[in-house]
1. Where the accessible area of the stretch 1-136 is counted over protein heavy atoms with a 1.4 Å probe, how much of it, in %, is carbon and sulfur?
2. Once you list every other residue whose beta carbon is under 15 Å from the beta carbon of G159, what net charge do they have if Lys and Arg are +1 and Asp and Glu are -1?
3. Once you charge only the Cβ atoms, +1 for Lys and Arg and -1 for Asp and Glu, what is the size of the charge dipole of the stretch 133-268 about its Cα centre, to the nearest 20 debye?
4. Stretch Q56-L244 to full length: gain in nm at 0.36 nm per residue minus the Cα-Cα span?
5. Note the direction-averaged projected area, equal to a quarter of the hull surface, for the Cα convex hull of the stretch 1-121, in nm².
6. Just to be sure I follow: if Rg is taken over the C-alpha atoms of the chain and Rh is the Kirkwood radius over the same atoms, what is Rg/Rh?
7. Apply the Karplus curve 6.51 cos²θ - 1.76 cosθ + 1.60, θ = phi - 60°, to the phi angles in the stretch 100-114 and return the couplings in whole Hz, x for Gly and Pro.
8. Taking the Cα centre of the chain as origin and charging only Cβ (+1 Lys, Arg; -1 Asp, Glu), how large is the dipole, in debye to the nearest 20?
Amino acid sequence: MPADLTVIILTYNEARHLPRCLHSLRGVAKRVVVVDCFSTDNTVELARAAGAEVVQHAWVNYSTQFNWALDNVPIDTRWSMRLDADEVVTPELAEALQRELANLPEDVSGVTVNRQIHFFGRWIRHGSIYPLRMLRVWRTGHARCENRWMDEHMVVQQGRVVHLDADIADINLNSVTWWTEKHNQYASREAVDLLLHKGRGNAAEAAAGLSFQASVKRWLKLKVYARLPLGLRALLYFLYRYFLRLGFLDGWQGLAFHVLQGFWYRFLVDVKVAEVERHMRDTGCALPEAIEQVLNIKLAPAA
C-alpha cells in the first residue's frame, strides 16, 4: 500500500533519467508531482505517461524552484519528499517508507536517509562519500529548502528528525563532458555562497536547522575550510579524501571522481572567488555587481 506521501521532482530535459526515477516510486507514494522548467525534450510527456502530475515554472535556482513548489502545489498527504530526476529510491527504502511513515510519532517532523553516489558505473563508497545522510522526507508543511545558491538542504522548522537506514541512489547517466559543464555552473553558484558568507560570517546560523551530519559538514566548510588559503585547501581536501579516507579503494572510477569532484571542482570554486574579488579591486564595484559581471548571476532573487 502506498505511503501517505507526495514526492516532488524538479526537472529540465530529464527524459533520460525520469522514467527510471518514476519506476522506482511505483507503489511507494500516493502522489508524484513533477515541477518542470519548460523542458524541450519529452520529459513532460514521459512524466504524465507514468502517472505523475506536471506543473511548469521558470527557473531561478534550485531552492527558489523547490520552495515555489511547496507554496503553489496543494499537498494533502501527511508526508512530503524531495527526489532528483537522476536519483532512484532503492527497494529497501521503498519498503521502509511504506512500513515506517505511518507509525512515526507526531513529534517527528523530518526523516533523513542515506544517499549513494555512482560515477562511471561504480558506487563510490569511500573518501567520506558514503553514507551521506540527507533530509529528504518531512511532515508536510514542516520544512523548507534553504535559500542558497548551492548545497541547499531541506530544513525542518520544528520537531524531531529521525533516520531511516536505507538509500537513495544518485546514478547520473550523462557524459563526463556534461558532468564537467554542470559542475562549472555549480562552481559559480558555490563561489557566490562563499563570497556572501565572507560578508555575513555566521557559520552557526548557516548550519541551523540542518541534520546533524549536514550541520557538522557545513560548519567545517565555513569555519575551517573557508579560512584556508585559496587553492591549497582544494589540494588538502583531495588528499584527505583520497588517502586518509581511503578513496583509492574505489579503483580508477574513485580516482576520477575524487580528482574531479574533490580537487578540480573545489579549485575551480576558488579561482572564481579570486576572480570576483580581483574584479572588485580593479573596478571598485560592490559585490553584487561584481558577481553579476563576472559570474553572470543576479543575486536579487536568492540573496
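1. Working: 2990 of 5940 Å².
Exposed carbon and sulfur together represent 50 percent of the surface.
2. Values: positive: R78, R139, R144, R160; negative: E106, D107.
In short, +2.
3. Working: 19 positive and 11 negative charges, 103 e Å.
Its charge dipole is roughly 500 debye.
4. Working: separation 188, 0.36 × 188 = 67.68 nm, distance 4.48 nm.
Once the chain is fully extended between Q56 and L244, it gains 63.2 nm.
5. Working: hull surface 32.2 nm².
For the stretch 1-121, the mean projected area of the Cα convex hull comes to 8.0 nm².
6. 0.96
7. Each residue's phi maps through the Karplus curve to give 9, 4, 5, 9, 6, x, 5, 7, 8, 10, x, 9, 9, 9, 7 Hz.
8. Values: 35 positive and 33 negative charges, 169 e Å.
Using Cβ point charges on Lys, Arg, Asp and Glu, the chain gives about 820 debye.
The values are calculated or read from the model by the stated rules, or taken from the named source; none is laboratory data. Quick caveat: nothing in here was measured; it's all calculated off a predicted structure. We place every Cβ from the backbone using ideal geometry, glycine too, and count neighbours over all the protein chains shown. Remember, those area values only see protein heavy atoms, side chains included, never the ligands or the DNA or RNA. Shrake-Rupley method; radii C 1.70, N 1.55, O 1.52, S 1.80 Å.
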